[in-house]
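The values are calculated or read from the model by the stated rules, or taken from the named source; none is laboratory data. Since the structure is predicted, the reported quantities are computational estimates derived from the model, not experimental observations. Here Cβ is always computed from backbone atoms with ideal geometry, including for glycine, and neighbour counts include all displayed protein chains. Each accessible area value is taken on the protein alone, full model and side chains, heavy atoms only, with ligands, DNA and RNA left out. Shrake-Rupley method; radii C 1.70, N 1.55, O 1.52, S 1.80 Å.
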Amino acid sequence: MRAPAVAGRFYPADRRTLLKELDSFLPKSHGAKTTPIAIMVPHAGYMYSGAVAGEAYARITVPPRVIILNPNHTGIGARVSVSEFDEWETPLGIACVDVELRTALLKKCPSAELDQDAHLREHAGEVQIPFLQRLKPHVKLLPITLGDLSVEDCRDVGEALAGIIQELISSGPILIVASSDMNHYEPSNVSKVKDELALDRILGMDPEGLYDVVQKKNISMCGVLPVTAALFAATALGGKQATLVRYANSGDVSGDYDAVVGYASVIIN
């Protein structure tokens, strides 16, 4: 079992407090919900990005099976690290890993490896799990952490995931959650321009363009690999549209606009 690494820091460690905070981020006023192919949601502390993530989660139906694509902030572990843990614990309880999905990915994606190290201290996926548990209490997960990949590597991961989803579609939809913040620690006006460059590629369903513009324009979007892989998967699955749900930055909470982190949530159908 993988114990929480950032409970009490990125989100409340107390169950009751966590439930109250999650519910505050999940507006109830949206209309009919569907399960999209993928969503992109931020992973900062809930006080900064929880509302941005919650806007996307509130608009969708979370299915029983979810793949979470994370960046590798720690720099340790396999490049395509598939959770070796069978269970992930949060203050809301235990979320089980989807063993069928894990086995299928290890067979279909040669670069994928069973690994614990990349997941032990990584917060990007952990902060998503309480949202998923709140909306689908018995959700099964496949956490995958990506680091140091080329655009072709991202394509391989995304298309492998698409192939698995197509093979298992008869058992119901499978959601891809790509965990990413946007540009980091530059003035708000600078970050907004950089974030718009990246978001234009995301909303254009252009994974190669996203990967390229992040490199060329020095955009410190930590989850560019997960989002690129998710876009490749969505394209292979026939996805046609990406919709921006909400954009904000840390200055909207802290009042400090001199060195902000950007946050965006996107739904991909």
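When the C-alpha to C-alpha distance is required to be over 18 Å, the pairs from K108/K140; K107/K240; K28/K240; K28/K192; K28/K136 that qualify are K108/K140; K107/K240; K28/K240; K28/K192. Summing Cβ point charges (Lys, Arg +1; Asp, Glu -1) relative to the Cα centre of the range 98-167 gives a dipole of roughly 420 debye. Whole Å is fine, so just give me how far the alpha carbon centre of the range 92-165 lies from that of the range 188-225. Rounded to whole Å, the Cα centres lie 23 Å apart.
Is the chain best put as rounded, prolate or oblate by its Cα gyration tensor, with a ≥ b ≥ c the root eigenvalues, rounded for a/c under 1.5, and otherwise prolate when a/b is larger than b/c, oblate when not?
On the way: a/c = 1.32, a/b = 1.09, b/c = 1.21.
Rounded.
Using a ≥ b ≥ c from the Cα gyration tensor of the range 117-269 (square roots of the eigenvalues), is it rounded, prolate or oblate, where a/c under 1.5 gives rounded and otherwise the larger of a/b and b/c decides, a/b for prolate? Cα axes put the range 117-269 in the prolate bin.
Each Cα pair under 8 Å and six or more residues apart adds its separation to the average, and for the chain the resulting relative contact order is 27 percent.
These residues, S83, S111, go from largest to smallest accessible area, 1.4 Å probe, as S111, S83. Note on the chain: helix-only mean residue ellipticity at 222 nm, from DSSP H runs of 4+ residues weighted -39500 (n - 2.57) and normalised by residue number, equals -11500 deg cm²/dmol. Mind running the shape call on the range 114-163? Use the C-alpha gyration tensor, a ≥ b ≥ c as the square roots of the eigenvalues: rounded below 1.5 for a/c, prolate if a/b tops b/c, oblate otherwise. Note, shape of the range 114-163 comes out oblate. Taking every alpha-carbon pair in the range 193-269 and binning the separations at 10 Å intervals from zero gives 19, 50, 25, 6, 0 percent.
About the Cα centre, and with charges only on the beta carbon of Lys, Arg (+1) and Asp, Glu (-1), how big is the dipole of the chain? Nearest 20 debye, please.
820
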